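Down below is the structure, laid out as structure tokens.
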Amino acid sequence: MAERGGCAILESLPVEIRESLAELELELSEGDITQKGYEKKRAKLLARYIPLIQGVDPSLQTDSKLLGTSQVTITTNKQQRSRSTSSRDERFRSDQALVSCADVHTEAVQAALAKYKERKMPMPSKRRSALVQPSVETYTPPDTSSASEDEGSLLRQGRITSTPLQGHSSVEPWISRVTQGSSTSSSASSTSSHPGAKPAASNSCPVIAAATMLADLMAHAQIESVSAPPDVTTGLLGNSHHERPQVASVRGVPRGFNSSILETADGVPVNSRVSSKIQQLLNTLKRPKRPPLREFFVDDFEELLEVQQPDPNQPKPEGTEMALLKGEPLGVVSNWPPSLLTALHRWGTTQPKAPCLTSLDTTGKAMYTLTYGKLWSRSVKLAYTLLNKLTSKNESLLKPGDRVALVFPNSDPVMFMVAFYGCLLSDLIPVPIEVPLTRKDAGSQQIGFLLGSCGVSLALTTDVCQKGLPKAQTGEVVTFKGWPRLAWFVIDGKHLMKPPKDWYPHIRDASNDPAYIEYKTSKEGSTMGVTVSQSAMLAHCHALTQACGYSEAETLINVLDFKRDAGLWHAVLTSVMNRMHVVSIPYALMKVNPLSWIQKVNVYKARVALVKSRDMHWSLLAQRDQRDVSLGSLRMLIVADGANPWSISSCDAFLNVFQSRGLRPEVICPCASSSEALTVSMRRPPDLGGVPPGKVVLSMNGLSYGVIRADTEEKLSVLTVQDVGQAMPGASMCVVKVEGAPYLCKTDEIGELCVSSNSTGSAYYGLHGITKNIFETMPLTNNGDPVSSHSFIRTGLLGFIGPERLVFVVGKVDGQMIISGRRHSCDDVVATALAVEPMKFVYRGR
């Protein structure tokens, strides 16, 4: 009866006191506080209720420090942990106390269940957490073999584990085991599951603890279902055919909370005692940070199915269908050689002392001047050596038509020129490439793919360049990643053999056989080789000579890379055709002295300079240090990257600064080119039939829809472009639609420039599929009829034909982005940045 009286007295205490007592017992059992601290806190809590407790239960009576009560409780807890299951159960089997507790609290359990039904609370959602709130059947009941282990696991892992219960299909076996099991485990689960539990019952009546815990947990199942994380596994219980009672726990509720209305994430109000932190957590869960994983796939799928509706207000082309643009006819020259090698032989034998190429060192001094006589003799020596002295097992390593790699640094144009013409004289096809820096260089791997597809087995280089290449342990040049196995041959003078007096290279007229292969890198990073035939090389030299008005003995200052693009076409091919003198500015010198090319124009009285807009920009930054220069000798300043939209800023700024030093406005000649079509167009001076320069201010909004709309310069949403001259002599040009069949564009529509000429590339070497799409395009009229009987080449340049038959380029096909049905160019992005704040965060011309 004393135990039953203790139950009644503790139940009469306020809920806060009973809860605090339970928390103290849990802290003591877990070792969070010492026994002395437990005694002090318990004495402080029961100080106001000592008259109510004294005289009723000896275990609850206290002296001045309540030591007796503390000792009794701690001793009881230690005995429970040390005894076996049977001894702990026998300790509570007082028949009178057990029958009394069972009689009284059976009614309490039924009342709690009835109260739960009267609330008419909504059943838990079918989307529930498998880790936090599975059904009662999936819970593992407390293990009666170790009470202390149960306490630790239940309290540390959320009070109730979620391991599936094997061999039990209903709630009754769990309840019956709880009534016979550890009272300490029941107490721990009860007090930790719900703050309204009665902790004092743990020492007296396990039936009360289990029943109260079950009723309260069922009452608050909906609360825990809201608190469950939204992204845990939700499908484990979704296949159940009927709703089962949910058991959940409200964890971490501090003492001293206030009674409030708890609103779940589903908007259902639940009366409960909750803290402000739990309420804040539930409010946060109402607004999940991300939708479930399934919704992502649904949204993406719906977007793919959704057809992009065109903007009804978007501008549309209104002009007529454009007509085919033709350049001036290619002039007939009486003494024009039948091939480039014929011109080399003529100048090498008739003008052997005429300067051909001058190379500079990093200080700007002339390091070596190659004459036409030396170029011819060294090229013949190299051709003889390649054809007769490179043997393996008494067989020549090379045959006419084989491809040979040229590996030369940008600082050695002389040896590159000798190697290039030596290959042409020996009927070999040179493939100029960049010098590999490391064994696993990413760009070098793509070059290796090009060499492999071209079947290259021999590489020509210089002694200095070979010493700088990575070596294997045997001393040989390593095989670079992705490269085929190559034989390296040094072409310095001591390694070349002098041919017999009766040996001469066979010089043929230009044919459709490949002359050289120039590499091109696509936007995906792959490297392809563009094949240029002998006849196309000769025709291109003829077209450049006519467009630029080249004459013999002119001096040309070249700042570009002489191995490819405009640097190769002007400074290596066309210069030899016209017996010009080329002064090559190495890139290392430009970094040290950006004004070096202007100084050489002044020193050599050069008539032509070949630069990029970046070189003009660097000169502007350094021009204050140099005053005694004059650009009055220039008749053409060829801007090789004039097709870039921002090149106009460099050209205008350069003209404003250097016009006072002899630079004339008509001298600046931007041009457009591509690896496939070579030189597409070029602005000519007035004395060569050029028209006044063109300048157009275009609306960026119109450009995004592929439409040309003039605007004013006062706005920031405009793109100002300059013309890149007229079509090349002997070429035909048109503009076709980028997507779909190559129909002709309208006069106010942006499209891809296509060129038909004898001076263009012929194919991607070894790639027949994409060759047909690029090099064999047949433009169509609106009626579907071919524009011409000749095929055209896609240049990869986006633009239009403006007034006075001038060509304008606004971007490249590879740099085009389509966003929400609108087309944007990477060049437009850069041009926009330049227009907003050009001098603060983006340099002009870069």
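I'd like to check something: does the stretch 526-543 contain any residue that is in a strand (DSSP E or B) and over 14 Å from Leu678 (Cα atoms)? Even if it seems obvious, please write down each step before you answer.
Step one: filter the stretch 526-543 for residues in a strand (DSSP E or B), giving 527-533.
From what's left, over 14 Å from Leu678 (Cα atoms): 527-528.
Yes.
Restricting to the stretch 633-646, give me the number of residues that are open to solvent by less than 10 Å² (accessible area, probe 1.4 Å) and touching a residue at least 40 places away in the same chain (Cβ under 8 Å). Don't jump to the end; show me each part of the working.
Looking only at the stretch 633-646, we keep the residues that are open to solvent by less than 10 Å² (accessible area, probe 1.4 Å), and these are 634, 636-639, 642, 645.
If we keep only those that are touching a residue at least 40 places away in the same chain (Cβ under 8 Å) too, we end up with 636, 638, 642, 645.
So the answer is 4.
Within the stretch 605-613, does at least one residue satisfy the condition of being at pLDDT 90 or above, small (Gly, Ala, Ser) and under 36 Å from the mean Cα position of the chain (by Cα)?
First, the residues of the stretch 605-613 that are at pLDDT 90 or above: 605-613.
Restricting the remaining residues to those that are small (Gly, Ala, Ser) gives 606, 609, 613.
Next, from what is left, pick out any that are under 36 Å from the mean Cα position of the chain (by Cα): 613.
Scanning the stretch 605-613, I find at least one residue that is at pLDDT 90 or above, small (Gly, Ala, Ser) and under 36 Å from the mean Cα position of the chain (by Cα), so the answer is yes.
Take Ile429 and decide whether it is β-branched (Val, Ile, Thr) and under 37 Å from the mean Cα position of the chain (by Cα).
Details: β-branched (Val, Ile, Thr): yes; under 37 Å from the mean Cα position of the chain (by Cα): no.
Spelling it out, it is not the case that Ile429 is β-branched (Val, Ile, Thr) and under 37 Å from the mean Cα position of the chain (by Cα).
Kindly list the number of the only condition in (1) more than 34 Å from the chain's Cα centre (by Cα); (2) modelled with pLDDT under 95 that fails for Glu739.
(1)
If the requirement is being out of contact with any Pro (no Cβ under 8 Å at 6 or more places or on another chain) and modelled with pLDDT under 95, which of these qualifies: Pro499, Pro430? Talk me through it step by step, then tell me what you get.
Values: Pro430 fails: modelled with pLDDT under 95.
One residue alone meets the criteria, Pro499.
Which of the residues belonging to the stretch 587-599 are open to solvent by 10 Å² or more (accessible area, probe 1.4 Å) and in contact (Cβ under 8 Å) with a residue 60 or more places away in the chain?
Tyr587, Ala588, Val592, Asn593, Gln599
Name the single residue that is most open to solvent (accessible area, probe 1.4 Å) among those in the stretch 711-736 being farther than 27 Å from Pro685 by Cβ and modelled with pLDDT under 95.
Residues of the stretch 711-736 farther than 27 Å from Pro685 by Cβ: 711-712, 714-718, 736.
Filter once more, keeping what is modelled with pLDDT under 95: 711-712, 714-718.
Values: Asp711: 44, Thr712: 65, Glu714: 153, Lys715: 105, Leu716: 102, Ser717: 66, Val718: 16 Å².
Going through the qualifying residues, I end up with Glu714.
Being farther than 26 Å from Ile557 by Cα and outside any loop (DSSP other than H, G, I, E, B) is the filter here, so list the residues in the stretch 322-356 that pass it.
Passing the criteria: Leu325, Lys326.
Which condition from (1) more than 30 Å from Leu538 (Cβ to Cβ); (2) free of Cβ contacts under 8 Å to residues at least 24 places away in the same chain is the one that Asn773 breaks?
So the condition that Asn773 fails would be (1).
Looking at the stretch 689-701, which of its residues are farther than 16 Å from Ser647 by Cα and open to solvent by 60 Å² or more (accessible area, probe 1.4 Å)?
Residues satisfying the conditions are Pro692, Asn701.
Each row is one residue, and each column tells you yes or no for (1) surrounded by fewer than 24 Cβ atoms within 10 Å (Cβ to Cβ); (2) assigned to a loop (DSSP other than H, G, I, E, B); (3) in contact with a Ser or Thr (Cβ under 9 Å, 6 or more places away or on another chain); (4) not aromatic (Phe, Trp, Tyr).
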site: Gln623; (1), (2), (3), (4): yes, no, no, yes
site: Arg627; (1), (2), (3), (4): yes, yes, no, yes
site: Leu631; (1), (2), (3), (4): yes, yes, no, yes
site: Ser660; (1), (2), (3), (4): yes, no, no, yes
site: Ser673; (1), (2), (3), (4): yes, no, yes, yes
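Yes/no per residue for (1) of a type in the set (D, E, K, R); (2) part of a loop (DSSP other than H, G, I, E, B):
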| site | (1), (2) |
| --- | --- |
| Ser681 | no, no |
| Arg684 | yes, yes |
| Asp687 | yes, no |
| Gly690 | no, yes |
| Gly702 | no, no |
| Lys715 | yes, yes |
| Leu719 | no, no |
| Gln722 | no, no |
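Tell me, yes or no, whether the stretch 450-459 has at least one residue that is part of a loop (DSSP other than H, G, I, E, B) and under 25 Å from Lys374 (Cα atoms).
Filtering the stretch 450-459 down to residues part of a loop (DSSP other than H, G, I, E, B) leaves 455-457.
Next, from what is left, pick out any that are under 25 Å from Lys374 (Cα atoms): none.
No; the residues of the stretch 450-459 include none that is part of a loop (DSSP other than H, G, I, E, B) and under 25 Å from Lys374 (Cα atoms).
For Gln816, work out the one condition from (1) without any contact (Cβ under 8 Å) to a residue 40 or more places away in the chain; (2) touching a Lys or Arg at 6+ places or on another chain (Cβ under 7 Å); (3) of a type outside the set (Asp, Glu) it doesn't fulfil.
Condition not satisfied by Gln816: (1).
Does Thr832 satisfy the condition of being under 22 Å from Gly706 (Cβ atoms), modelled with pLDDT under 90 and among the polar types (S, T, N, Q)?
Values: under 22 Å from Gly706 (Cβ atoms): yes; modelled with pLDDT under 90: yes; among the polar types (S, T, N, Q): yes.
Criteria met by Thr832.
Go through the stretch 555-601 and report how many residues are polar (S, T, N, Q), assigned to a helix (DSSP H, G or I) and at pLDDT 95 or above. Walk me through how you get there before you give the answer.
At the first step, the residues of the stretch 555-601 found to be polar (S, T, N, Q) are 555, 558, 574-575, 578, 584, 593, 596, 599.
The next check asks that each one be assigned to a helix (DSSP H, G or I); those that pass are 574-575, 596, 599.
From what is left, the residues that are at pLDDT 95 or above are 574-575.
Here the count works out to 2.
One line per residue, one yes/no per condition, for (1) over 35 Å from the mean Cα position of the chain (by Cα); (2) among the aliphatic types (A, V, I, L, M):
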site	(1), (2)
Asn656	yes, no
Ser675	no, no
Met700	no, yes
Thr720	no, no
Asp723	no, no
Ser732	yes, no
Val735	no, yes
Tyr743	no, no
Ile750	no, yes
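Collect the residues in the stretch 633-657 that are acidic (Asp, Glu) and assigned to a helix (DSSP H, G or I), keeping them in residue-number order.
Initially, the stretch 633-657 is screened for residues acidic (Asp, Glu), giving 641, 652.
Correct list: Asp652 only.
Can Lys498 be described as open to solvent by 60 Å² or more (accessible area, probe 1.4 Å) and in contact (Cβ under 8 Å) with a residue 40 or more places away in the chain?
Numbers: open to solvent by 60 Å² or more (accessible area, probe 1.4 Å): yes; in contact (Cβ under 8 Å) with a residue 40 or more places away in the chain: yes.
The answer is yes for Lys498.
Would you check which residues across the stretch 603-617 are in a helix (DSSP H, G or I) and either surrounded by fewer than 20 Cβ atoms within 10 Å (Cβ to Cβ) or touching a Leu at 6+ places or on another chain (Cβ under 7 Å) (or both) and list them?
Just the residues of the stretch 603-617 that are in a helix (DSSP H, G or I), to begin with: 603-604, 613-617.
Residues satisfying the conditions are Val603, Tyr604, Arg614.
Being free of Cβ contacts under 8 Å to residues at least 24 places away in the same chain and open to solvent by less than 60 Å² (accessible area, probe 1.4 Å) is the filter; apply it to the stretch 444-478 and report the residue that is nearest to Gly766 (Cα to Cα).
Val477
Confirm whether Cys651 is hydrophobic (A, V, I, L, M, F, W, C), in contact with a Gly (Cβ under 7 Å, 6 or more places away or on another chain) and open to solvent by less than 10 Å² (accessible area, probe 1.4 Å).
Working: hydrophobic (A, V, I, L, M, F, W, C): yes; in contact with a Gly (Cβ under 7 Å, 6 or more places away or on another chain): no; open to solvent by less than 10 Å² (accessible area, probe 1.4 Å): yes.
When the stated conditions are applied, Cys651 does not pass them.
Going residue by residue through the stretch 750-771, is there one that turns out to be in contact with an Asp or Glu (Cβ under 9 Å, 6 or more places away or on another chain) and surrounded by fewer than 17 Cβ atoms within 10 Å (Cβ to Cβ)?
Within the stretch 750-771, not a single residue is in contact with an Asp or Glu (Cβ under 9 Å, 6 or more places away or on another chain) and surrounded by fewer than 17 Cβ atoms within 10 Å (Cβ to Cβ).
State which residue pairs qualify: first residue more than 21 Å from Tyr504 (Cβ to Cβ) and inside the stretch 339-359, second residue of a type in the set (Val, Ile, Thr) and not in a helix (DSSP H, G or I) in any location, beta carbons under 7 Å apart, and separation of 6 or more residues or different chains.
If the second residue must be of a type in the set (Val, Ile, Thr) and not in a helix (DSSP H, G or I), the pairs left are Lys353/Thr371; Ala354/Thr371; Pro355/Thr369; Pro355/Thr371; Leu357/Val582; Thr358/Thr369; Thr358/Val583.
Does the stretch 370-422 hold any residues that are open to solvent by 50 Å² or more (accessible area, probe 1.4 Å) and in a loop (DSSP other than H, G, I, E, B), and which are they?
The answer is Lys389, Lys393, Asn394, Leu397, Lys399, Pro400, Asn410, Ser411.
Among (1) modelled with pLDDT under 95; (2) surrounded by 18 or more Cβ atoms within 10 Å (Cβ to Cβ); (3) in a strand (DSSP E or B), there is one condition Met367 misses while meeting the rest; what is its number?
(2)
Where residues in the stretch 38-54 are more than 16 Å from Ala22 (Cα to Cα) and surrounded by 15 or more Cβ atoms within 10 Å (Cβ to Cβ), which of them is modelled with the highest pLDDT?
Within the stretch 38-54, the first condition is being more than 16 Å from Ala22 (Cα to Cα), and the residues that meet it are 47-54.
Narrowing further to those that are surrounded by 15 or more Cβ atoms within 10 Å (Cβ to Cβ): 49, 53.
Working: Tyr49: 73, Ile53: 54.
Residue satisfying both the conditions and the ranking: Tyr49.
The values are calculated or read from the model by the stated rules, or taken from the named source; none is laboratory data. Bear in mind the structure is a predicted one, so any value in this text is a computation, not a measurement. Positions of Cβ are backbone-derived with ideal geometry, glycine not excepted, and every protein chain shown enters the neighbour counts. For accessibility, only protein heavy atoms count, side chains too; no ligands or nucleic acids. Shrake-Rupley method; radii C 1.70, N 1.55, O 1.52, S 1.80 Å.
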